[in-house]
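K.L.:
Let me begin by handing over the structure; questions about it come next.
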C-alpha cells in the first residue's frame, strides 16, 4: 500500500533530531476487472492443460505471468503444508485423494491462482538408506538448530526487561519486525502462511500482550499485539454472496471433473 506521513513537529534533544509525525496507510487492492481477467486466464490455462498437458499449456502464456514448479515427493501433513506451495486450502486433500494424471480445479489464495497436477505417487513403504540419507541428515541438523534457537529464545524471555519486544533489539540474533495488519489466511512477508504463528497472533486479546514462545515452520517467535481491527461487518455482508458462489462453482467444477475422469476410466 501507500504510506502518507505528515511531519507535525521537529526538535533537537540531547543533540539528536526528533520528529513527531502522523501516518496514514492507504491499502491498494486489485480491481474487479483485473480479478476477472486473472480468473479467466487461470480457467483457460486449466482447459488447455487438460487437453495438452500442463507444461505445454503454460508455454502458451507469457513467461513472467506464471511459474511451473515441481514439488518432488512429499508426505501428507496435518497442517496441509506442501513444499514449494505452502498452505493452500484444498490442495493437500486433492493431492492425496485424486489419481495420478488428474488436474485440480483452479485454487486461489493471497499469492495467486494455482493449478495442481499429480505427476506420480509412491506407495507407503520403507525407503532405501541412500534415498533418505540426505533428507534425514537435514532433518537432524534442523532439529539441532531449532533446539538451540529455542534455548536462545527462552533465555531472551527470561531477560526481557519491561513490557515490549523492542527491549530485544540489541540482541544480535534477534530480529524485531512489525508486519502490516494481516488476516488469518493472509501471506505474511517474512513469515509466510504459518499456522502456528497466525493462531498465536489471533489468541492475543489486549494491546501490548506478549505471547508465549511460538514454534513456527521457520523458527521460534515471540509476538506482541500492537493493534487489533474488528471485523468489517458491512464489507463481509457485501462479499459474502460472491464468495459463496465462487466456492460453490469450484465444488461443482471439481465434481464435474471427477465425473469425467470416472467416465474415461470406465469407458
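K.L.:
Looking at this structure, is residue 209 within 17 Å of residue 181 (Cβ to Cβ), in contact with a strand residue (DSSP E or B) (Cβ under 9 Å, 6 or more places away or on another chain) and without any contact (Cβ under 8 Å) to a residue 40 or more places away in the chain? Let's see the steps before the verdict.
P.N.:
On the way: within 17 Å of residue 181 (Cβ to Cβ): yes; in contact with a strand residue (DSSP E or B) (Cβ under 9 Å, 6 or more places away or on another chain): yes; without any contact (Cβ under 8 Å) to a residue 40 or more places away in the chain: yes.
Answer is yes for this residue.
K.L.:
Tell me which residues, restricted to region 52-66, are assigned to a loop (DSSP other than H, G, I, E, B) and touching a residue at least 40 places away in the same chain (Cβ under 8 Å). Reasoning before the result, please.
P.N.:
At the first step, the residues of region 52-66 found to be assigned to a loop (DSSP other than H, G, I, E, B) are 53, 60-62, 66.
None - no residue of region 52-66 is assigned to a loop (DSSP other than H, G, I, E, B) and touching a residue at least 40 places away in the same chain (Cβ under 8 Å), so the list stays empty.
K.L.:
For region 178-190, give me each residue that is at pLDDT 80 or above and under 19 Å from residue 156 (Cβ atoms).
P.N.:
Scanning region 178-190 gives a single hit, 178.
K.L.:
Kindly indicate which of 157, 140 is modelled with pLDDT under 85 and over 30 Å from residue 254 (Cα atoms). If you could, list the steps in order and put the result at the bottom.
P.N.:
Numbers: 140 fails: modelled with pLDDT under 85.
Unique residue meeting the criteria: 157.
K.L.:
On the basis of being surrounded by 14 or more Cβ atoms within 10 Å (Cβ to Cβ), part of a helix (DSSP H, G or I) and either at pLDDT 80 or above or touching a strand residue (DSSP E or B) at 6+ places or on another chain (Cβ under 9 Å) (or both), does residue 250 make the cut? Can you show your working first?
P.N.:
On the way: surrounded by 14 or more Cβ atoms within 10 Å (Cβ to Cβ): yes; part of a helix (DSSP H, G or I): yes; either at pLDDT 80 or above or touching a strand residue (DSSP E or B) at 6+ places or on another chain (Cβ under 9 Å) (or both): yes.
It is true that residue 250 is surrounded by 14 or more Cβ atoms within 10 Å (Cβ to Cβ), part of a helix (DSSP H, G or I) and either at pLDDT 80 or above or touching a strand residue (DSSP E or B) at 6+ places or on another chain (Cβ under 9 Å) (or both).
K.L.:
Would you check if residue 222 is modelled with pLDDT of 80 or more, surrounded by 11 or more Cβ atoms within 10 Å (Cβ to Cβ) and in contact with a helix residue (DSSP H, G or I) (Cβ under 9 Å, 6 or more places away or on another chain)?
P.N.:
Numbers: modelled with pLDDT of 80 or more: yes; surrounded by 11 or more Cβ atoms within 10 Å (Cβ to Cβ): yes; in contact with a helix residue (DSSP H, G or I) (Cβ under 9 Å, 6 or more places away or on another chain): yes.
Yes; evaluated as a whole, the condition is true for this residue.
K.L.:
Another question, if that's okay. Using the structure shown, decide if residue 69 is part of a loop (DSSP other than H, G, I, E, B) and in contact with a strand residue (DSSP E or B) (Cβ under 7 Å, 6 or more places away or on another chain). Reasoning before the result, please.
P.N.:
Numbers: part of a loop (DSSP other than H, G, I, E, B): yes; in contact with a strand residue (DSSP E or B) (Cβ under 7 Å, 6 or more places away or on another chain): no.
So residue 69 fails the test.
K.L.:
Residue 54: in contact with a strand residue (DSSP E or B) (Cβ under 8 Å, 6 or more places away or on another chain) and surrounded by 11 or more Cβ atoms within 10 Å (Cβ to Cβ), yes or no?
P.N.:
On the way: in contact with a strand residue (DSSP E or B) (Cβ under 8 Å, 6 or more places away or on another chain): yes; surrounded by 11 or more Cβ atoms within 10 Å (Cβ to Cβ): yes.
It is true that residue 54 is in contact with a strand residue (DSSP E or B) (Cβ under 8 Å, 6 or more places away or on another chain) and surrounded by 11 or more Cβ atoms within 10 Å (Cβ to Cβ).
K.L.:
Condition check: loosely packed, with under 10 Cβ neighbours inside 10 Å and under 30 Å from residue 52 (Cβ atoms). Does residue 78 satisfy that? Talk me through it step by step, then tell me what you get.
P.N.:
Details: loosely packed, with under 10 Cβ neighbours inside 10 Å: yes; under 30 Å from residue 52 (Cβ atoms): no.
Here the answer is no, as residue 78 does not meet what is asked.
The values are calculated or read from the model by the stated rules, or taken from the named source; none is laboratory data. Treat the numbers as computed from the prediction; the structure is a model and nothing was measured. No Cβ is skipped: glycine too gets one built from the backbone with ideal geometry, and neighbour counts run over all protein chains shown.
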